[in-house]
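Read the figures in this text as sums done on the coordinates, not as results from a lab. Keep in mind that what you see is a predicted model, and the values were worked out from it rather than measured. FYI the Cβ positions are ideal-geometry reconstructions off the backbone, even for glycines, and counts take in every protein chain you see.
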Amino acid sequence: MPLPSDEKLIQLGNDLIEQFDTLFGRHPGFRPAHAKGVLVTGSFRPSPEAASLTRAPHASRESTPVTVRFSDGTGIPMIPDNDPNANPRGMAIRFYLADRVHTDIISHSTDSFPT
C-alpha cells in the first residue's frame, strides 16, 4: 500500500501519534497503540453452514491459513494483561487467500468505535 502524499492527512497522522505518545509515553520499537500482543498462526476451517451466510472466499474453502494477533489496547508494552487499563483488547485476523491476496478482520472489545 503506498504511503499518503496529502499533507493534511500526513499531519493528522503525526498529530495522532503525538497524542498516543502523550498518553502512553514514548516506547521506541513498539506500536503507539496495541503495543503488547501475541502473534499466532494456524488454519481457519469454516462450518458447513458458513458458505450460506457469506460470500467471503474463506467461508467456502475447506481451510485457509491465518495469522492472528491478540493485543492489549494501550501503547504501554509492559502493561500486565490483567490490568484494567490494558483495555480495550484487540484481535486482528489475516486470511491468506492467494499470493499477495488477503482478507483482514480487525476488532476490539469495546461496544463502540473510538473516533
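Only a single criterion out of (1) touching a Ser or Thr at 6+ places or on another chain (Cβ under 7 Å); (2) over 15 Å from SER109 (Cβ atoms); (3) not hydrophobic (A, V, I, L, M, F, W, C); (4) not in a helix (DSSP H, G or I) is not satisfied by HIS58, namely (4). Looking across ASP21, ASP15, one residue alone is assigned to a helix (DSSP H, G or I), more than 9 Å from GLY75 (Cβ to Cβ) and out of contact with any Leu (no Cβ under 9 Å at 6 or more places or on another chain). It is ASP15. With respect to the conditions (1) β-branched (Val, Ile, Thr); (2) touching a helix residue (DSSP H, G or I) at 6+ places or on another chain (Cβ under 9 Å); (3) under 20 Å from ARG45 (Cβ atoms), ILE105 falls short on a single one, namely (2).
Among the conditions (1) over 21 Å from MET1 (Cβ atoms); (2) surrounded by fewer than 15 Cβ atoms within 10 Å (Cβ to Cβ); (3) within 18 Å of the chain's Cα centre (by Cα), SER107 misses just one, which is (1).
A Cβ distance below 6 Å, combined with a sequence gap of six or more or placement on separate chains, defines the contacts here; from segment 94-115, residues that are at negative phi and without any contact (Cβ under 8 Å) to a residue 40 or more places away in the chain reach residues that are assigned to a strand (DSSP E or B) and loosely packed, with under 10 Cβ neighbours inside 10 Å in the pairs ARG94/ASP104.
Scanning segment 6-34 for residues that are of a type in the set (Lys, Arg) and either touching a residue at least 40 places away in the same chain (Cβ under 8 Å) or over 20 Å from SER71 (Cβ atoms) (or both) gives LYS8, ARG31.
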